[in-house]
Ligand SMILES: [Zn+2]
Ligand SMILES: [Zn+2]
């Protein structure tokens, strides 16, 4: 019995012809969600050609986790931040000082990381005014860290497209910005591309209801396309509804190559090269 059978996880997709990077995953949340260990997340991904990962932190504990995992595995890069919904929760429950203390602790981890994120705004899950203020304050802080330390900025944007661009334009965006789990339409994709951002497409692009996201993908120059799982959520078709893990980005990759009319091997090469550009260079060896 394989680990996938034991945990009730989807089977391995056919291996990709060439390597690709899942540039946004949460191995700690994945372990909590499905029981799949971070080491198995990495190993199973490598079996189907997903050679590298960006593991993303969202609070102090998960940031420590991603830094430790990246230190132990050269093919993993770490992104550290306080997630906008966590910033809102801390501020709403405990006020100013705990939020500032948490931000200071995460800021101290930035030099060791490859990227700052995920940060941004979530107007879907955080609707109260205090929470929104806390998100904006934390977002502005993360933008400054990315610029000060020359790190890639990874943006979480849920129902907040206009405010995300307003704040980035106001602060001045860092040199490298990734719109993770891109969820806008073709016009918003163009607005992001005009600013030089990379757009990372999740499994959602495979969903039947995601017509405007597919139009956005078609409006995105191939040089700006990235792929991600955002595991353990947003599992692509044909495994939608099950728990997600980095190996399943192979489905999203095949779907996008087909949608964009690019030969699969060429698409993998392009997305991999885009990933190195978006994160300021290649990391690790091919495992
Ligand atoms: Zn996110
Ligand atoms: Zn995420």
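Some observations on this one:
- Only Cα sites of the range 157-287 enter the Debye sum here, all with the same form factor; the resulting log10 I(q)/I(0) across q = 0.19 1/Å is -1.12, listed in q order.
- Here, the range 1-124 has an Rg and a Dmax of 16.2, 51 Å when only alpha carbons are counted.
- Note on residue 129 and residue 269: the extension gain reaches 46.0 nm, defined as 0.36 nm multiplied by sequence separation minus the Cα-Cα distance.
- Angle between the chain longest axis and helix 38-47 axis [Cα atoms, degrees, rounded to 10]: 40
- Across every pair of non-identical alpha carbons in the range 20-278, the mean reciprocal distance, once inverted, gives a Kirkwood radius of 18.0 Å.
- Listing 28, 260 from fewest to most neighbouring C-beta atoms within 10 Å gives 260, 28.
- Neighbour counts of other Cβ atoms within 10 Å put 276, 283, 145 in the fewest-to-most order 276, 283, 145.
- Tilt relative to the chain, helix 129-149 - C-alpha long axis, 0 to 90 degrees, to 10: 70
- Taking the DSSP bridge list for the chain and keeping only pairs wholly inside it, about 0 percent are antiparallel.
- Euclidean distance of C-alpha centroids, the range 238-287 and the range 72-102, integer Å: 27
Every read-out reported here was derived from the displayed coordinates using simple, explicitly stated rules and does not represent laboratory data. Computed from a predicted structure; not experimentally measured. Positions of Cβ are generated from backbone atoms using ideal geometry, with glycine treated the same way; all protein chains shown enter the neighbour counts.
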